[in-house]
């Protein structure tokens with residue numbers, strides 16, 4: 001037997017839901033896979049197209 005709609009609504013809305021901890025709402029992960037060739041800097045690279 002199902003409870004009347006008023007009782008079901010009262011049971012559902014008479015108390016607040018359980019609190020969610022902030023630690024449970026945040027997920028940290030890298031946005032992309034780091035590319036080791038991206039951060040390689042050659043200080044003399046600009047010499048090739050402009051000085052030769």
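Derivation of every value follows stated rules applied to the coordinates shown; laboratory data play no part. For clarity, every value in this text was computed on a predicted model and none was experimentally measured. Here the Cβ positions follow ideal geometry from the backbone for every residue, glycine too, while neighbour counts run over all protein chains shown.
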Fill in: (1) 9.5; (2) 4.6; (3) 5.3, with the label sought being that of the calculated mean projected area of the Cα convex hull in nm²
(1)
Worksheet item: For the chain, what is the mean residue ellipticity at 222 nm derived from helices alone (per DSSP H run of n ≥ 4: -39500 (n - 2.57); sum divided by total residues; nearest 500 deg cm²/dmol)?
Response: -6500 deg cm²/dmol
Worksheet item: Label points 7 Å out from Cα along the Cβ direction at residue 10 and residue 22: separation in nm?
Response: 3.8
